[in-house]
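Inspection log for the structure reproduced underneath, given as structure tokens.
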Amino acid sequence: MRATIEVNDVRKRFGSTVALDGMSFTVEPGQVTGFVGPNGAGKSTTMRVILGLDAADSGSALIGGRPYRSLRSPLLHVGALLDAGALQPRRSARNHLLWLAHSQGLTAGRVDEVIEQAGLGQVARRKAGGFSLGMRQRLGIAAALLGDPPVLILDEPFNGLDPDGIVWMREFLGELAGQGRAVLVSSHLMSELQDTAAHVVVVGRGRVIADTSVARLLAEVSGDRVTLRSTAPQEAARVLEHAGATVAAVDRDTLTVSGLPAERVVTLLGRYAVPFSEVTAHRATLEEAYMNLTRSAVEYRATTGQESAR
Ligand SMILES: Nc1ncnc2c1ncn2[C@@H]1O[C@H](COP(=O)(O)OP(=O)(O)OP(=O)(O)O)[C@@H](O)[C@H]1O
């Protein structure tokens, strides 16, 4: 089975609420794909449709080319974490996993492997009802891994994690993707996905706003903005503007240069012997990129709203 998720023009309404409005994207193997959008954007509904828990009104959602419902032994094809609270509070973590494993013909040996993988060795015999949300997330991931599936679908796995837990989860997801799995991870905080997701699908109001590699997204938002410190700012500005840059003064000895990459700025200043003490390329954070994208989506919606009100 090829490890992919393909969502194609999925539409879904709940009464008068349009939850999914032509949702389409593909999740490729070997990388973490972030699935990001504000509350109510349709992330959970999309995941539920992929997993056959909600029926789409139209469109298709396929795992390895097949609808979830047609998969025999689904745990071997796809692992999911949807609601970390969904467990029997009086059962120990290990018993919870044993119960799931037996239902799919998997061994107790496999249960002990995923307990170790998810870092639950110390607490596996404790009742899951007393677990913190972070521990429940780990237990949910352990359950998702039971069948060693090539596809993972995780709804808000960073929820409730402390900073150490977030770092652990990022590294763990990276490892799982590095093993060739397709890993789809939802979050309403783009920053959680920094250094983890290679690709992001940004959604709003039930449809895709952007579907792009993280590197491209950051490059687009960062532009070619460079901060320059020089004791000869006017001379620097003259040289750089002559080469096509736009230059703005920040303070007495600091300039912001746009339109030229940092290396070119350094070369030009060197060629014309303009002194400088710092040249720093601006690198946007994923959060900035996300804010930019969703801001334009909000503006777009505001405009269309006005148009339809006319
Ligand atoms: N079972 C349901 N009944 C009625 N409306 C629903 C149901 N499930 C989702 N919705 C609505 O569909 C829309 C999309 O919700 P969904 O939970 O998929 O968004 P989300 O992006 O996962 O949001 P969050 O980050 O808050 O989990 C929302 O307007 C939500 O209120």
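A few comments on the model shown:
- Exposure ranking of Trp99, Trp168 by accessible area [1.4 Å probe, largest first]: Trp99, Trp168
- Accessible surface for Arg13 stands near 130 Å², nearest 10, in the context of the full protein assembly shown (1.4 Å probe).
- Solvent-free Debye calculation, one equal scatterer per alpha-carbon of region 199-268: log10 I(q)/I(0) at 0.19 Å⁻¹ equals -0.72.
- Note on the chain: GNM, Cα springs under 10 Å; of Ala289, Ala144, Ala232, the largest mean-square fluctuation is that of Ala232.
- Sorted largest first, the spans of the alpha carbon positions of the chain along the three principal axes are 75, 55, 35 Å.
- Amide H partners (placed H, <5 Å) of Asp57, local residues excluded: Arg11, Lys12, Arg13
- Most mobile listed residue (Ser92, Ser44, Ser258) in the chain, GNM with C-alpha springs under 10 Å: Ser258
- Residue order for Ser187, Ser16 - accessible surface, 1.4 angstrom probe, largest first: Ser16, Ser187
- Taking the convex hull of Cα positions in region 62-191, its mean projected area over all directions (nm²): 7.9 nm²
- Net +/- balance of residues flanking Ile63 in space, Cβ distance below 11 Å, scoring K and R +1, D and E -1: +2
- Between region 6-73 and region 210-274, the Cα center-to-center distance that results, in Å: 43 Å
- Karplus-derived 3J(HN,Hα), 6.51/-1.76/1.60, for each residue of region 100-116, Hz, glycine and proline x: 5, 4, 4, 5, 10, x, 9, 8, 5, x, 5, 4, 5, 5, 6, 4, 5
- Accessible area (Å², 1.4 Å probe, nearest 10) - Val239: 30 Å²
- Put simply, when 18-25, 70-77, 156-163 are sorted by average Cβ atoms within 10 angstrom per residue, most first, you get 18-25, 156-163, 70-77.
- When nucleic acids and ligands are ignored and a 1.4 Å probe is applied, Lys12 ends up with an accessible area of around 30 Å².
- Adding -39500 (n - 2.57) for every DSSP H run of four residues or longer, then dividing by how many residues the chain holds, sets the calculated 222 nm ellipticity at -11000 deg cm²/dmol.
- Across the chain, Cα pairs under 8 Å and at least six residues apart give a relative contact order of 20 percent.
- Listed residues Val202, Val250 arranged by accessible area, highest first, probe 1.4 Å: Val250, Val202
- Rolling a 1.4 Å probe over the protein heavy atoms of the chain, with every protein chain left in place, gives an accessible area that is 49 percent carbon and sulfur.
- With protein chains left intact and a 1.4 Å probe, residues in the chain average 50 Å² of accessible area per residue.
The values are calculated or read from the model by the stated rules, or taken from the named source; none is laboratory data. Note that the structure is a prediction, hence the values are computed from the model and not measured. Using ideal geometry, Cβ is built from the backbone for each residue, glycine included, and neighbour counts are taken over all protein chains shown. The accessibility values were calculated without ligands, DNA or RNA, using every heavy atom of the protein model including side chains. Shrake-Rupley method; radii C 1.70, N 1.55, O 1.52, S 1.80 Å.
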